[in-house]
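Below is one structure, written out as structure tokens, with a few remarks after it.
Throughout, read-outs are computed from the coordinates displayed, never taken from laboratory work. Owing to the predicted nature of the structure, the values given are computational and were not obtained by experimental measurement. Cβ placement follows ideal geometry from the backbone for every residue including glycine, while neighbour counts extend to all protein chains displayed.
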Amino acid sequence: MKKVLFCIDFDGVIMNSIDECCITSYNAYFDRQYNSISAIPKQFIEYFYENRYMVGPAKYFYIICKTFEDSIQLTRKIFNEKLIIYDKEFSQYANKFYFERTQFKDHMQKWFSSHSIYNQFETFLNTTNNNFIIVTNKDKNSVEQLSKYFGFSNRILEIYSKEISEDKKILFTQLMIKYAGYNKYYFVDDNPENIKSVEKINKLDCFIAGWGYNRMSELNNFNIINSFNSLIIN
């Protein structure tokens, strides 16, 4: 029987954090301190929900905020262009974003309530005994707090997060050294850009979650799963 290590992205695969990211992104860009999605302008919410799938590291939420302010209709092509144009803005915005997230946590119950677990992951928890590693661009503290609150922290072997690197190729290089000896490593993410960055790593099988923030139009030629069941059977 082959020995497999599950490596799972957090936002968009385990946790639906779109409301929290929307609130925090808005607060960071427009210098507000809202702690409820109902306080955010409806037009921004709609724009954010429509374009969330393009963002990996939180610093790139700047692009959504800036293009919203400039009334630009985002496409993947325009988003990629803005990665270069706005490069000097990202560091300062990221600092503000994580500051605002910390402020949001002063209202911890409201912060928790802006998250929910995806049914697909909950089924995985309830029907298997598999432990797993988190591989994410999210901050480690938030992952720890949410996993404890939602009751699955005991299933996490380790968290590889943005504090190590925002490059998932670097994260996998480190974890595969520490967790050597596995025949296979299964990685589930909802962002095709993340998959493309690591798909050539030896022994790593990559899968796109058919839920989360992605757009099916971008998922041609990817291994799409609609539950974890097929991976467990294999």
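Simple point charges give the picture: +1 on the Cβ of Lys and Arg, -1 on the Cβ of Asp and Glu, and for the chain a dipole about the Cα centre of about 560 debye. Let's test the formula: R0 of 25 Å, r as the Cβ-Cβ distance of Lys140 and Ile37. What FRET efficiency results, to the nearest 0.05? With R0 = 25 Å, the Cβ-Cβ based efficiency is 0.55. Along the axis of the charge dipole computed for the chain (Cβ charges of +1 for Lys and Arg, -1 for Asp and Glu, origin at the Cα centre), the listed residues Asn202, Phe68, Ser147 are led at the positive end by Asn202. Only lysines eight or more places from Lys3 in sequence, or on another chain, were considered; those with a Cα closer than 17 Å are Lys178, Lys184, Lys203. Full extension of the chain between Met108 and Ser227 gives 39.8 nm of extra length, using 0.36 nm per residue less the Cα-Cα distance. Label separation (Gln92 vs Glu163): 2.7 nm, computed from points 7 Å beyond Cα along the C-beta direction.
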